[in-house]
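This report refers to the structure that appears directly beneath it.
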Amino acid sequence: MPGWWVSTVLETSGPVVLAAWVTWVLCSIVLHELAHGWAAIACGDDTPIHTGHMTGNPLVHMGANSLLMFALVGIAWGAMPVNPSRFRGRYADAIVSGAGPAMNFALAVVVAVLAGLWLSLGTKLGLPKHAAHSVFLFLSTGAMLNVALGVFNLLPVPPLDGFSIAANFFPGLRRVMGTETGSVVALVLFVMLFLTAGGVIFGIAADVSMWVIGGVAEGVTRV
């Protein structure tokens, strides 16, 4: 029987990865939800403001249940209340839904660039090698995690953002998934994806983030 995820991470990857995972999960979810809120406001819906969700407080975005699940198994989620009936524009729902994953990808790029710069220049600051490596590990973990979050959330299965995007272009999807049978199918698909796609997505995320990091580091070295 698997042990507590914190103990597992400490044993297999060390305290830096644990600290990076906790920090980046909380920050990434908060910014993901804020991106939904900013997009909703831009599209004419001020629900995020009136509900008090335009804040950096993780408890507001994630809630007690999500934070408890994060403490127990290392997995969390967030939510941003919006009212699609107030959106302006035919594809506003897709824009608002896509804003969250877009934020994750933007974060991944920024952090990957910082990791690449650090990989190339960090050792020149005179820090001990283990300290320089810890900073790189912290940044590279953040880049990988945000790529993974962005990709996972774009999968077209409810309640993920990808489904809302697809449903905005193909309204019949929402009607089908809104039926009793559709709800069961959606739940089964989500559980299957969650259990089986995680390893693939994190593998892709690690490859992509390290490719960007390596490219940045190589470019800086050539300069």
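The values are calculated or read from the model by the stated rules, or taken from the named source; none is laboratory data. Source: prediction; values computed, not measured. A quick note on method: Cβ atoms are made from the backbone with ideal geometry, for glycine too, and the neighbour counts reach across all protein chains shown. The area values use the complete protein model at the heavy-atom level, side chains included, leaving out ligands, DNA and RNA. Shrake-Rupley method; radii C 1.70, N 1.55, O 1.52, S 1.80 Å.
Does Phe105 satisfy being open to solvent by 50 Å² or more (accessible area, probe 1.4 Å) and in contact (Cβ under 8 Å) with a residue 40 or more places away in the chain? Yes: the conditions hold for Phe105. Out of everything in segment 152-164 that is out of contact with any Asp or Glu (no Cβ under 8 Å at 6 or more places or on another chain) and open to solvent by less than 70 Å² (accessible area, probe 1.4 Å), what residue ends up being nearest to Val9 (Cα to Cα)? It comes out as Phe152. With respect to (1) closer than 17 Å to Ala206 by Cβ; (2) without any contact (Cβ under 8 Å) to a residue 60 or more places away in the chain; (3) open to solvent by 50 Å² or more (accessible area, probe 1.4 Å), the lone exception for Val113 is condition (2). Inspect all residues belonging to segment 120-131 and state whether any of them is crowded, with 16+ Cβ neighbours inside 10 Å and either hydrophobic (A, V, I, L, M, F, W, C) or closer than 25 Å to Trp77 by Cβ (or both). No - not one qualifying residue is present in segment 120-131.
Of all residues in segment 50-71, which are under 14 Å from Val25 (Cα atoms) and either of a type in the set (A, V, I, L, M) or not in a helix (DSSP H, G or I) (or both)? The answer is Gly56, Asn57, Leu59, Met62, Leu67, Leu68, Met69, Ala71. Taking the criterion of being open to solvent by less than 30 Å² (accessible area, probe 1.4 Å) and within 18 Å of the chain's Cα centre (by Cα), the residues of segment 204-220 that qualify are Ala205, Ser209.
Is there a residue being surrounded by fewer than 20 Cβ atoms within 10 Å (Cβ to Cβ) and under 17 Å from Pro15 (Cβ atoms) anywhere in segment 142-151? So far as segment 142-151 goes, no, none of its residues is surrounded by fewer than 20 Cβ atoms within 10 Å (Cβ to Cβ) and under 17 Å from Pro15 (Cβ atoms). If you filter segment 48-90 down to residues that are within 18 Å of Gly37 (Cβ to Cβ) and of a type in the set (Phe, Trp, Tyr), you find that the one that is surrounded by the fewest Cβ atoms within 10 Å (Cβ to Cβ) is Trp77. Taking segment 73-97 as the range and being at pLDDT 95 or above and among the aliphatic types (A, V, I, L, M) as the test, the residues that pass are Ala79, Met80, Val82, Ala92, Ala94, Ile95, Val96. Residues in segment 5-40 that are more than 19 Å from Val110 (Cβ to Cβ), without any contact (Cβ under 8 Å) to a residue 60 or more places away in the chain and open to solvent by 20 Å² or more (accessible area, probe 1.4 Å): Ser7, Thr8, Leu10, Glu11, Thr12, Ser13, Pro15, Leu18, Val22.
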